[in-house]
Amino acid sequence: MQWLTEHWLLVLPMVLGAVAVAWMMPKGASKPSWLAWLLGLAALGIVGGTLLRPADGELPDVLFHLFGGVAIVAAVLMITNRNPAYSALWFAVVTLAVCGLFLLQSAPFLASATVIVYAGAIIVTFLFVLMLAQQAGATNYDQNSRQPVVAVGTGFVLLGALLFVLLPSKEQPGLAAVQTGFVSLAPEALGRDQTPQNSELAGENGLLQQDRNPPILNSAVPDPSRGKPQSTSTTTTSTFGTMRGLGRSLFGDYLFAVELAGTLLLIASIGAIVIAPKRSSGKL
Amino acid sequence: MTVLTNYLIVGSILFVLGAIGFLTRRNLITMMLSAEMMLHGVSLNLVSFSKYHGNMQGQAFTAFILTVAACEAGLALALILTLYKRTKSLDVNLWSQLADAEIDSPHEEEPAVPLTQPAQEFPHLTPAGKSPPFQKETAHRV
Amino acid sequence: MSELTPALLWLIPVAPLLASVFIAFFGKALLRGRSHVPCVAALAISTLCAGSLMLMFLAAPSHLKPDPTTHSFHQEPSEHAPIAPHAPQPVLTTPGYTWSDTDNLHVRLDLQMDAMTAIMLCMVTFVSLLVSIYASGYMHGDPGYPRFFAAFSLFVFSMCMLVLADNYLTMFVFWEGVGLCSYLLIGFWFQKPSAAAAARKAFVVNRIGDFGFILGIFLIWKTFDTVKFSEVFERIPHVAETNPAVFTTICLLLFLGAMGKSAQFPLHVWLPDAMEGPTPVSALIHAATMVTAGVYMVARSTPLFVMSPTAQMVVSGIGAITALLAALIALTQYDLKRVLAYSTVSQLGYMFMALGAASLVYTKNDATHVDLSTFAVTAAMFHLLTHAFFKALLFLGAGSVMHSMGDVIDMRRFSGLRHVMPHTRITFLIGSLTLAGCPLLSGFWSKDDILVALFEGTKAGGHETFFTVILGVAVVTAFLTAFYSFRAYNMTFLGEERFPEEAHHPHESPPTMTLPLFVLAGFSLVIGLFLGPTGVYARQLAQSTSLPGHGEHPHNYLLMALSAAIFFAGYGLARWMYVKSPAVSAGLERGLKPLHRLSLNKFFLDELFNYLLVIPVKVLALLCTLFDKYVLDGLLDFAGSIPSTIGRIVRPIQNGLVSHYAWIMLLGVVLFLIQMLRALAG
């Protein structure tokens, strides 16, 4: 209980968001109320105000807020919409917003590929299936979600747990310990040298306190001195974020995996052909 | 200037919203879309860390996620069509044969709710090469 | 001896076994009416083998040499023998197969033949042969003809193995084997409820005795670390020093087994009921051979019994009670076979009386010790032999009467058969004379030996009164025996000629049935005279391993005269009461009505057992049933309901919905994550 009151800034938006999303879930004939929207936006605002690191007001930051907000709002709309066709369209919006975020994170190739694959292929296929299967439009099972309160509650507890890790760890030794613990649990996942980093973290506990932004999670830009390249063919700073760098990585480090992925695609397409109902076997 | 944590927050929110959608929605297609949205959250996570560490591993994995998502979508849609052919419905609740034989059928837990939306009316277009007949109502509407 | 000796020895039991298996497998399909052929042939082979070995024994002792090879005669090491033997004790052993070779239990299925075994074997195989010939006529046309001879051969096999066993465990196995065959043959006409009940009764009553027997064997094994006869007897002096009290326990337990098998009071109740089986079975199993297994076992264990005077007195006492009681019951029975059955019980009691006198050692006037054990055992075994012949003869004669009278056996419904069945009559008369103890016939000699043994017992130190009573009982029983055997004979064959309506054409039995009668009659007449007074039997038996050797063989001419007088008294009384003036018997019957009813109803022992044992056991069983049904079943049902209750609670998780499973997965992730965060936050 004490924990909840201590972290009311995290608990409050979670509760508000959960209430909002649960309220918006399709439930019989009722339409979603504007109050639910208000609650949801308030929750989003609180999260944005407390958890986001201070903005510098430059263009990427503005764009981040724009794309992030659009992605979240469109995602809520997608999962709450009563018409699967609209859901698919809102999903396209989410995809586009996420692609914008990709661009901001120096991944232009992935951005374009995601747009092509998702918006161009997957969503279109979904719509085709919808057209084939659900020509009558709205149906009973789209009108009623299944146990929305329980599912939303569980989901937001998960979200709370995830965001708790990302809380600014100022004057919160427990949280700092969590973040340190994550690093010590999986230092390599963060691309660091294991031994010195561990001793540094263990020995100089003040490092995290000293820095206003904990160096591990909150640093703004990549630090070449920290991010030690893992292999010789990995990109250097100069090629980072370019298609050239990604190509080198894919066809250098991950050549075998790429081949495997290609095989997987082939097998999946064959499987899809086999599984899909034949025209000869009757009208769909 | 971009901050890693911000992107992670957006990614986790997307992930959780996708999970909620997967759990609550009963339309197989919406469920698949929710699952794809969870993948988006994860992809965003990977890309952010890639940028943070200054190497391309995260982006490479995102490319693989993209591939797997495409495979998954193709297979899932084929499966959905097959299932639809059996039950003439996309309701996931109809597929509960894994249930213990002695418990009540999950279909009974919700009474059928009347459709809120009436059957949609689509305009009847005149076939090509014919002049449309004049209709008063149409004229009024226009 | 010859190389053939072990083969001959093995052939004795194996031939009937093969016949049994052959008849069991092919009897129904191939042999049918000829099913007796393999059985008779096998028994003839066994008889020949046993006879030739017997002759070897008769010839052997004088020139027996110690022989190291196991396949031949050798002498028991006499320096370790518990009681110094007076004569060499030839034993023929053949190695068989190792049954159990554990750390401290070595049991081999070896055959061992000494004098006692040889006598038993000859008797068993010879009487079996005659009875099987008889049965081929008696059982003719029965639908279960092959089954009868299969079980019959199996019985002979088991009996031979019982006699040939060289250790208690093997003996017990075949002891049970003969019990099984007895069960099968009593219940041969299992369609008859009375036959099925009699078979069950015999089996259950025998279980009580067998329980004691197996406990006795356990105790022997625990005490002596072995179950082999020779080793047990060797170690008796050692145990006698350390733990003399154990002998009484062992002997009483062994005697309990003998009581069951040899139908001693109070376990005798099964034998009269066993007459429900076919008459040849009654003759062979329930008169001549199987019921003497108990006597044989006690005689075989003589070295153990002589160590315990208490047990010996129990043996004698039980034998006396049985002999008197059964003779009293036999006085009034109207069923011819039951008279004979009670007579068998009575005669077995006689044998045990003699066996009980085996430990008596007394000091003569001239200060010489007289060891009675050999003489007493010899008397019992001699009576066993003669009894086997004449009782088989009597039963077969009764069967012949039954055959002729259309399966009627009630003596009130027929009489005066002397003209219709002359052959049966003359042989039955011989049997009755022998049983009654007519002087010079075999029964006279063997009974006289027993009386002498008991009389000598009265002189033994410490137990004079006891053995005087026993002797009195024996004399009274001898008188009763003479009376009831001639009562049965007179009621059946003398008097006016009457037939029951079931007898469509009263006739003499076919030659296959009368021939064995004549053979048995001949043996009954002469065997006693040849073997008894001449001392052949005593000398022969004294060589057996279980006996201390050739002891005293006292004669008492006074007792002999008394016994002859008793015979004539009984004979005369029976003739007066049932032939000269039948009104006397009827008047006596009325005059002593309570006593007559007591005897006719077998002293109400069956009813007594019913009230004392059966009904309490049934009540106990009912209580157990209720306990089982309501307490144990309730507990088990409760235990069984725990998983199903848990399952009912947890079952809704498995509702088959994909979303539900996904939710549980998500829940797991959330719980795991939260727990990890708590752990990391310390």
- (1) free of Cβ contacts under 8 Å to residues at least 40 places away in the same chain; (2) open to solvent by 60 Å² or more (accessible area, probe 1.4 Å) all hold for A:LEU9 apart from (1)
- Message: Give me the helices (runs of 4 or more DSSP H) completely within the stretch C:226-320, filtered to those with at least 1 residues that are under 30 Å from C:MET402 (Cα atoms), ordered by residue number.
- Response: C:246-261, C:270-273, C:279-283, C:293-300
- Check whether at least one residue in the stretch C:234-256 is under 14 Å from the mean Cα position of the chain (by Cα) and open to solvent by 20 Å² or more (accessible area, probe 1.4 Å), and report yes or no. yes
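Tally the residues that are among the polar types (S, T, N, Q) and under 22 Å from A:VAL150 (Cβ atoms), restricting the search to the stretch A:1-40. Break it down into steps so the answer makes sense when it comes.
First, pick out the residues of the stretch A:1-40 that are among the polar types (S, T, N, Q): A:2, A:5, A:30, A:33.
So of that shortlist, the ones also under 22 Å from A:VAL150 (Cβ atoms) come out as A:30, A:33.
Adding up the residues that qualify gives 2.
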- Can you name the residue in the stretch A:227-255 that is outside any helix (DSSP H, G or I) and more than 8 Å from chain B (Cβ to nearest Cβ) and is also modelled with the highest pLDDT among such residues? A:THR242
- Residues of the stretch C:409-429 that turn out to be open to solvent by 30 Å² or more (accessible area, probe 1.4 Å), under 17 Å from C:PHE486 (Cβ atoms) and of a type outside the set (Lys, Arg), as a count: 2
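Looking at the stretch C:634-682, which of the residues that are in a helix (DSSP H, G or I) and of a type in the set (S, T, N, Q) is surrounded by the most Cβ atoms within 10 Å (Cβ to Cβ)?
Going through the stretch C:634-682, the residues in a helix (DSSP H, G or I) turn out to be C:634-653, C:658-681.
Still in the list and also of a type in the set (S, T, N, Q): C:641, C:644-645, C:659, C:675.
Numbers: C:SER641: 11, C:SER644: 10, C:THR645: 11, C:SER659: 21, C:GLN675: 10.
Looking at residues that are in a helix (DSSP H, G or I) and of a type in the set (S, T, N, Q), I get C:SER659.
Would you say A:LEU166 is facing another protein chain (nearest Cβ under 7 Å), within 18 Å of B:SER12 (Cβ to Cβ) and modelled with pLDDT under 85?
Answer is yes for this residue.
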- Query: Scanning for something under 28 Å from C:THR514 (Cβ atoms) and touching a helix residue (DSSP H, G or I) at 6+ places or on another chain (Cβ under 7 Å), does the stretch C:104-119 turn up at least one residue?
  - Reply: yes
- Query: How many residues, within the stretch B:32-50, are in contact with a Gly (Cβ under 6 Å, 6 or more places away or on another chain), among the aliphatic types (A, V, I, L, M), more than 24 Å from A:SER249 (Cβ to Cβ) and at the interface with chain A (Cβ under 7 Å from one of its Cβ atoms)?
  - Reply: 1
- Message: Test of understanding: among A:SER106, A:SER112, which residue is outside any helix (DSSP H, G or I) and open to solvent by 20 Å² or more (accessible area, probe 1.4 Å)?
- Response: A:SER106
- Query: If you go through the stretch B:1-15 one residue at a time, how many are touching a residue at least 12 places away in the same chain (Cβ under 8 Å) and facing chain A (nearest Cβ under 7 Å)?
  - Reply: 8
- Query: Which of the residues spanning the stretch C:416-463 are part of a loop (DSSP other than H, G, I, E, B) and among the small types (Gly, Ala, Ser)?
  - Reply: C:GLY416, C:GLY437, C:ALA460, C:GLY461, C:GLY462
- Item | C:LEU328 within 23 Å of C:MET411 (Cβ to Cβ) and in contact with a Phe, Trp or Tyr (Cβ under 8 Å, 6 or more places away or on another chain) | yes
- Could you check, for the stretch C:589-602, whether at least one of its residues is crowded, with 17+ Cβ neighbours inside 10 Å and within 30 Å of C:HIS36 (Cβ to Cβ)? no
- Query: Restricting attention to the stretch B:72-91, which residues are aliphatic (A, V, I, L, M) and either touching a residue at least 40 places away in the same chain (Cβ under 8 Å) or more than 7 Å from chain A (Cβ to nearest Cβ) (or both)?
  - Reply: B:ALA73, B:ALA76, B:LEU77, B:ILE80, B:LEU83, B:LEU90
- Message: Going residue by residue through the stretch A:132-145, is there one that turns out to be aromatic (Phe, Trp, Tyr), at the interface with chain B (Cβ under 9 Å from one of its Cβ atoms) and open to solvent by less than 10 Å² (accessible area, probe 1.4 Å)?
- Response: no
- Could you tell me which of the residues A:LEU77, A:LEU127, A:LEU132, A:LEU103 is of a type outside the set (Lys, Arg), without any contact (Cβ under 8 Å) to a residue 12 or more places away in the chain and assigned by TED's automatic domain parsing to the domain that holds A:VAL21? A:LEU103
- Task: Considering each of C:TYR578, C:TYR537, C:TYR571 in turn, give the residue that is modelled with pLDDT under 85, touching a Phe, Trp or Tyr at 6+ places or on another chain (Cβ under 9 Å) and over 28 Å from C:MET120 (Cα atoms).
- Result: C:TYR578
- Of all residues in the stretch C:513-542 being hydroxyl-bearing (Ser, Thr, Tyr) and crowded, with 24+ Cβ neighbours inside 10 Å, the one that is nearest to C:LEU433 (Cα to Cα): C:SER524
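Only one of these is in a helix (DSSP H, G or I), under 25 Å from A:ALA43 (Cβ atoms) and either open to solvent by less than 10 Å² (accessible area, probe 1.4 Å) or of a type outside the set (Ser, Thr, Tyr) (or both): A:GLY120, A:GLY100, A:GLY57. Name it.
Answer to the check: A:GLY100.
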- Task: Could you identify the single residue in A:LEU77, A:LEU66 that is in a helix (DSSP H, G or I), more than 11 Å from every other protein chain (Cβ to nearest Cβ) and within 18 Å of the chain's Cα centre (by Cα)?
- Result: A:LEU66
- Message: Considering only residues that are loosely packed, with under 15 Cβ neighbours inside 10 Å and away from every other protein chain (no Cβ under 13 Å), which ones fall in the stretch A:17-44?
- Response: A:SER33, A:TRP34, A:LEU35, A:LEU38
- Using the structure shown, decide if C:PHE466 is of a type in the set (Phe, Trp, Tyr), open to solvent by 40 Å² or more (accessible area, probe 1.4 Å), in contact (Cβ under 8 Å) with a residue 24 or more places away in the chain and in a helix (DSSP H, G or I). yes
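The values are calculated or read from the model by the stated rules, or taken from the named source; none is laboratory data. What you see is a predicted model; the values in this text were computed from it and never measured. Don't worry about glycine lacking a Cβ; one is built from the backbone with ideal geometry, like all the others, and counts go over all protein chains shown. Please note that ligands, DNA and RNA were not included when accessible areas were found on the heavy atoms of the full protein model with its side chains. Shrake-Rupley method; radii C 1.70, N 1.55, O 1.52, S 1.80 Å.
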